[in-house]
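Single-structure report; data block below.
The values are calculated or read from the model by the stated rules, or taken from the named source; none is laboratory data. All values reported here derive from a predicted model rather than from experimental measurement. Cβ sites come from the backbone with ideal geometry, for glycine too, and all protein chains shown count toward neighbours.
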């Protein structure tokens, strides 16, 4: 049993440096790209395509920004669903950090992106009579670690420092350190703990019941995996996507199960939707559709994989 503990700890430690690097890059991407988010980009005929493309970028803020735009009735339901489905929360960072799982990443992202675009266009067509409102060009909101994503309309050119005082420059420098150093470290350490726990649990199960027995059991419930994984993915916490991604990387969870759980795992976007969207019936339609569509995709992919061999 000591070997199980050490193996889980060693596996988690191995990917920790790459987790830190991944989260630093994610912060840079989010900081650069989120400042260019505009309601104009998420409207019109290309909105599901753009929404899916934005969502697939590994970050934690775009699903929240899309949710804020939707609660303001600035974007359509199909566009919001496209962002949600393509978003993978922490999964991309986990899979990128584990080199042995890189070959599992591209089919996951490709299927999610294509499915997100299809769903987005279908729902925008079905809801085409729903009028959208004009809001400000940009939107800003708090991300998963209380930093701003998007552009604050009251901020203006708040990153231009020519006429700033020394105190303002020092404050900006401190905020930059907090965002690009402390946040990635906090993210990486939290994910490290989740990865260690998942590896320890799976290792313990293999130790007591055997790898073949565990594999046989997961095979017998292959068509239940999408449903169970989607229920986990609905939890508005990064732990859900980390657990799903790690189980997928270790081969405990099938591609269909991983797709189902990660399509429904839209970070804290769903939590913001529940908190701020009115009426409640509309929120139920969005979440119910997201869940049903995610499970359906998982079951279809599971069946196709079984047929192929």
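In segment 187-249, which helices (runs of 4 or more DSSP H) lie fully inside it and hold 1 or more residues that are touching a residue at least 40 places away in the same chain (Cβ under 8 Å)?
In segment 187-249, 225-233, 238-249 are the helices (runs of 4 or more DSSP H) which contain 1 or more residues that are touching a residue at least 40 places away in the same chain (Cβ under 8 Å).
Among the numbered criteria (1) at pLDDT 90 or above; (2) surrounded by fewer than 17 Cβ atoms within 10 Å (Cβ to Cβ); (3) closer than 27 Å to residue 255 by Cα, which one does residue 203 miss?
(2)
Answer with yes or no whether residue 305 is within 16 Å of residue 227 (Cβ to Cβ), assigned to a helix (DSSP H, G or I) and touching a helix residue (DSSP H, G or I) at 6+ places or on another chain (Cβ under 9 Å).
The answer is no for residue 305.
Of the conditions (1) at pLDDT below 95; (2) in a helix (DSSP H, G or I); (3) over 18 Å from residue 92 (Cβ atoms), residue 162 satisfies every one except a single condition; which number is it?
It fails just one condition, (2).
I'm told residue 230 meets every condition in (1) under 29 Å from residue 3 (Cα atoms); (2) crowded, with 22+ Cβ neighbours inside 10 Å except one. Can you identify the failing condition by its number?
So residue 230 meets the others, but not (1).
Can you tell me which residue in segment 283-309 is surrounded by the fewest Cβ atoms within 10 Å (Cβ to Cβ), limited to those that are closer than 23 Å to residue 65 by Cα and touching a residue at least 60 places away in the same chain (Cβ under 8 Å)?
Ranking the qualifying residues of segment 283-309, first place goes to 285.
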